[in-house]
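Asks: Before anything else, here's the structure in question.
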Amino acid sequence: MGDPYFGFCQRPSAESFAPAEEHQRELCNRGYARGLCEHFPLSSAADAVRFSVTGDNGGCLRVVYVFEKDHAPMSHGVLDFPASQSTGTLDELLLRQARAFVESYLKFVEDSKIPAQ
């Protein structure tokens, strides 16, 4: 699990651009880009966000997210999928990252199934 994702930089400016694939893989996908990426917002409270599935009830997933600062938990929350996909109260970037994680998780689960004999 941990598929790389590529897209547009979410830096706080009017210009949108797609960083080079290597940059996204090494910095954007892993977190802790503060001081390494010139576009990382210095005002950001967190350095990274991590996701984990804590419950899988017939396609309804419970996902915990943890914001990290200096490699320590800073804050956390819980998302339920698919219900979280329609909520408008969460930060849109966090929700998109959580959806990408869920897609990767579901792919991993499907790929891990042992074929019937």
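The values are calculated or read from the model by the stated rules, or taken from the named source; none is laboratory data. Remember, it's a predicted structure, so these values are computed and weren't measured experimentally. Note that we place each Cβ from the backbone using ideal geometry, even for glycine, and neighbour counts take in every protein chain shown.
Asks: Out of region 51-82, which residues are over 23 Å from Leu106 (Cβ atoms) and not small (Gly, Ala, Ser)?
Replies: Those that are over 23 Å from Leu106 (Cβ atoms) and not small (Gly, Ala, Ser): Phe67, Glu68, Lys69, Asp70, His71, Pro73, Met74.
Asks: Looking at (1) within 13 Å of the chain's Cα centre (by Cα); (2) modelled with pLDDT under 90, find the lone condition where Phe51 falls short.
Replies: So the condition that Phe51 fails would be (2).
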